[in-house]
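> Structure provided below as structure tokens; questions to follow.
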Protein chains: 2
Amino acid sequence: MNTGVAPKLSTLDVVQLEPSVPAQQAADDGDRSNTLADRVLQDVLDRIAGGEFEPGSVINEVDLARRLAVSRGPVREAMRRLEGRKLIARNPFTRARVVSLGHAEIREIFEMREGLEGMATRLACAHMSDESLCALIGAVESAGQTPSAFDLHRHIAENCGNGRIRDLLCDELYYLLRMYRRQSGDAPGRRAEASEEHWQIASAMNQRNGPLAESLMRAHIRRATEHLVAIEAASRS
Amino acid sequence: MNTGVAPKLSTLDVVQLEPSVPAQQAADDGDRSNTLADRVLQDVLDRIAGGEFEPGSVINEVDLARRLAVSRGPVREAMRRLEGRKLIARNPFTRARVVSLGHAEIREIFEMREGLEGMATRLACAHMSDESLCALIGAVESAGQTPSAFDLHRHIAENCGNGRIRDLLCDELYYLLRMYRRQSGDAPGRRAEASEEHWQIASAMNQRNGPLAESLMRAHIRRATEHLVAIEAASRS
DNA sequence: CCGGCGAAAAGTGTCAACATTTAATTGCAT
DNA sequence: ATGCAATTAAATGTTGACACTTTTCGCCGG
């Protein structure tokens, strides 16, 4: 049900937006949201991440506005910001749809990751603090029992010292990947190999060997890509 | 005058938005703009690219609305899309400003380019059509007299076969670089070396040698980065 | 029974007025 | 004259109503 609409709901089913802080400590947990449009944006982002708005589904402005008990103005502004982020696609007068990711788009995202995360890994080797690096090593060594409590890729992106790369990876690409994984169930694991490759990358980073770490990271992502296209070919037979 | 406001203009100074096509062949020259917000967006983009809105200057919604003879709604929606693209920054109730690029941001952009354009070059070696490659070779060989009529970087990005990388490079990063060049005059040339490096890259691409072309492109961008930080250090003394 | 045609419904785009917040200015006390 | 506080001005945020477009549903003819 990829082309369906978002779940229709009655007028009475109104959810309460978390109340705005009284304009004092907006930097509470990172979501500075004093305006309604900001809160609508955050809400839609959460719904997309949470799987409530499936990829390809239609987002209805008036329904969303009713649901959030706000006017259509803030809703429209939030949608325009999502549009600028390329998370929803729209044609002038037709409904806006959550972007749906096909195999081609996923391949593009993985190619982008190969270039960006390779560079991020190299930069992290030079910029990352010793404490952060130790935390990374420890977390990678004890991987397996805590599968998603610590994400090597995200940690590298967040500490690479390049805010633009960090934002692009964490706020957009990883977001899209989560959408895709939710959309087309978790692929059959490659976790053992991935863990081994993660350990190699962390080891190279521990030596502050930027070029080697970059090369390993790129190979790691390329193998994941090949694994993905293999899955895709198998599912198409 | 980096912190100034955008040029104030009287109420009577109204410019005419180019009239919308009658909803038939909107794909005329790539600017599908049937809604007012779309035209406002395109107008602001042109003004930023044209240097009328300097980096760091504030954009006044009501002035802009008056100037374009539209209401504030479309203006706000265009601004939100620009905000999603990270071309303007805003805090909840304060004026929105065109992003201003310091040396740190430029360095980040060049690091991003190194990763992305390297990958784009490798992909282009595999995906680019023979005709497109011939056009590239010919244009690079006859460089010098037609300095900006043909841009190697843009041509590679547009033909790399990865729409996401293409959009990010052409619609965002190159845009920001143009802003920066306009902001802090053209750096003292490195055109001879750049031309030579361009020729090497094109030669590797002509052999469809992806890894070599990628390596050359990355080295090319890294040299440009080092040149830029040298300029910066000199100007700071 | 099916396909084109037309009207009603739904949805998006635009506008002008109102509320709220920030910035600027004025006035006053020191 | 300078610095601080209250007031005024300006800009942004929000709302409901209206205009335009698309889609849908019903109708008629074949």
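The values are calculated or read from the model by the stated rules, or taken from the named source; none is laboratory data. Because the structure is a prediction, the values reported are computed rather than measured. The area values use the complete protein model at the heavy-atom level, side chains included, leaving out ligands, DNA and RNA. Shrake-Rupley method; radii C 1.70, N 1.55, O 1.52, S 1.80 Å.
> Please express the Cα-Cα pair-distance distribution P(r) of the stretch B:103-236 as a list of whole percents, one per 5 Å bin, running from 0 to the bin with the greatest distance.
Reading the bins upward from 0: 2, 10, 20, 24, 22, 13, 6, 2, 0, 0.
> Another one. Provide the buried accessible surface between chains B and A in square angstrom, both chains summed, 1.4 Å probe, rounded to the nearest 100.
On the way: alone 13680 and 13740 Å², together 24210 Å².
What B and A bury together is about 3200 Å².
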